[in-house]
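Beneath this line is the structure, given in structure tokens, with notes to follow.
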Ligand SMILES: NC(=O)c1ccc[n+]([C@@H]2O[C@H](COP(=O)([O-])OP(=O)(O)OC[C@H]3O[C@@H](n4cnc5c(N)ncnc54)[C@H](OP(=O)(O)O)[C@@H]3O)[C@@H](O)[C@H]2O)c1
């Protein structure tokens with residue numbers, strides 16, 4: 001089959017389309033004919049060897065796909081031809097991908113393969129962050145950093161679907177602000193003045209911050225929290241991993257909460273399916289409708305990765321084999 005490989009740690013431009021042997025599913029795994037694969041920030045980090053999941057070179061990246069089941073273990077409830085999404089972790093940038101059946105997820109008839117490939121990583125992360133780790137209550141206000149990106153647009157929609165009050169987006173440009181509004185945010189503020197603008201729009205502060213950026217925005221994100229507020233640490237697209245002086249947490253009765261979807265699932269094999277079951281009704285009623293950005297073919301994977309690396313991506317970037 002054809003697949004995109006990371007062969008060196010020289011960045012997005014160094015990925016290669018190659019002919020490789022078809023994956024052989026291990027016990028408990030299904031084989032999927034990939035129709036669309038999601039491209040995300042972690043794959044950009046993997047091209048530089050800077051992500052926590054960094055296999056021996058060469059390897060095929062790709063954490064999520066949508067497609068049709070080719071082969072599945074007996075008794076798994078899956079059959080050839082079933083339309084599915086899958087959280088593959090690796091191997092998705094290919095014509096065929098294998099995944100444990102616990103991470104192969106039924107795709108509703110009305111959901112396209114493009115939408116299906118945009119759901120697993122970002123929407124499960126947003127659900128895990130807001131609902132499980134953040135314990136979001138109905139009516140709580142949410143500030144989303146990197147709000148026009150993949151996780152950001154998902155977090156806006158998950159917050160809405162699960163009963164948030166005001167949802168405020170933080171974006172670097174007005175164009176990205178418009179994307180965040182299209183995803184369902186009530187308003188957006190520009191990154192350069194987000195603390196003052198957030199506190200002006202929402203005096204007293206917000207209940208939750210979904211932080212995909214970290215870096216020098218982190219302390220101002222904490223300053224946006226109200227009493228009992230929670231900052232959800234999701235990612236560090238800004239580059240640096242910030243530190244917190246914990247007296248700030250004590251004095252203001254606020255929390256910083258880690259969110260690591262992949263790590264959480266390692267010892268909880270049913271976690272992904274639990275999240276998917278929670279999301280499905282909102283996928284079916286249209287409340288969760290991924291914002292699809294640019295779509296590329298497998299041989300354009302370098303362009304897809306560069307788009308994210310250059311901060312030009314909005315919504316979900318996809319590859320179609
Ligand atoms: N914890 C988990 O379980 C988990 C799961 C999935 C992803 N993640 C992480 O979540 C983060 C977001 O991933 P994503 O796929 O949503 O990325 P994305 O689509 O590229 O969006 C990231 C956003 O970050 C902002 N940003 C700020 N500084 C940036 C910079 N120097 N370079 C690039 N973007 C910058 C950009 O918004 P503006 O231009 O508007 O500022 C951009 O829209 C990543 O760090 C990823 O590793 C974590």
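At a glance:
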{"read-out": "Residue of 106, 80, 290 that the Gaussian network model of the chain assigns the largest fluctuation, springs spanning Cα pairs under 10 Å", "value": "80"}
{"read-out": "DSSP bridge orientation in the chain - percent antiparallel, rounded to nearest 5", "value": "55"}
{"read-out": "Ranked list, fewest to most other Cβ atoms within 10 Å of each Cβ, for 89, 136, 1", "value": "1, 89, 136"}
{"read-out": "Pairwise FRET efficiency - residue 287 versus residue 1, Cβ, R0 = 30 Å, nearest 0.05", "value": "0.25"}
{"read-out": "GNM flexibility winner over the chain from 74, 99, 86 (Cα, springs under 10 Å)", "value": "74"}
{"read-out": "Alpha-carbon centroid distance for the pair the stretch 106-122 / the stretch 284-300, whole angstrom", "value": "8"}
{"read-out": "Alpha-carbon centroids, the stretch 138-202 and the stretch 1-57: separation in whole Å", "value": "31"}
{"read-out": "Degrees between helix 150-161 axis and first principal axis of the chain (Cα, 0 to 90, nearest 10)", "value": "70"}
{"read-out": "Least to most buried among 123, 51, 188, 264 (fewest other Cβ within 10 Å first)", "value": "51, 264, 188, 123"}
{"read-out": "MRE, 222 nm, helices only [DSSP H, n ≥ 4, -39500 (n - 2.57), over the chain, to nearest 500]", "value": "-7500 deg cm²/dmol"}
{"read-out": "The chain: most fluctuating residue of 196, 109, 227 per GNM, C-alpha cutoff 10 Å", "value": "109"}
{"read-out": "Taking the stretch 122-262 and dividing mean pair separation by its residue count, relative contact order in percent (alpha carbons under 8 Å, at least six apart)", "value": "23"}
{"read-out": "Per principal axis, descending, Cα span of the chain in whole Å", "value": "57, 41, 34"}
{"read-out": "Gyration tensor (alpha-carbon) shape descriptor, the stretch 1-99, a/c threshold 1.5", "value": "prolate"}
{"read-out": "Which of 102, 237, 198 has the fewest Cβ neighbours within 10 Å, and the rest in rising order", "value": "102, 237, 198"}
{"read-out": "Relative contact order %, the stretch 36-135, counting alpha carbon pairs below 8 Å whose residues are six or more apart", "value": "28"}
{"read-out": "Rounded tilt (10° steps) of 271-284 against the dominant C-alpha axis of the chain", "value": "80"}
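Bear in mind these aren't lab numbers, they're just calculated from the coordinates by the rules spelled out. Quantities reported herein were computed from a predicted structural model and do not represent experimental measurements. Cβ coordinates were reconstructed from backbone atoms using ideal geometry, including for glycine residues, and neighbour counts include every protein chain displayed.
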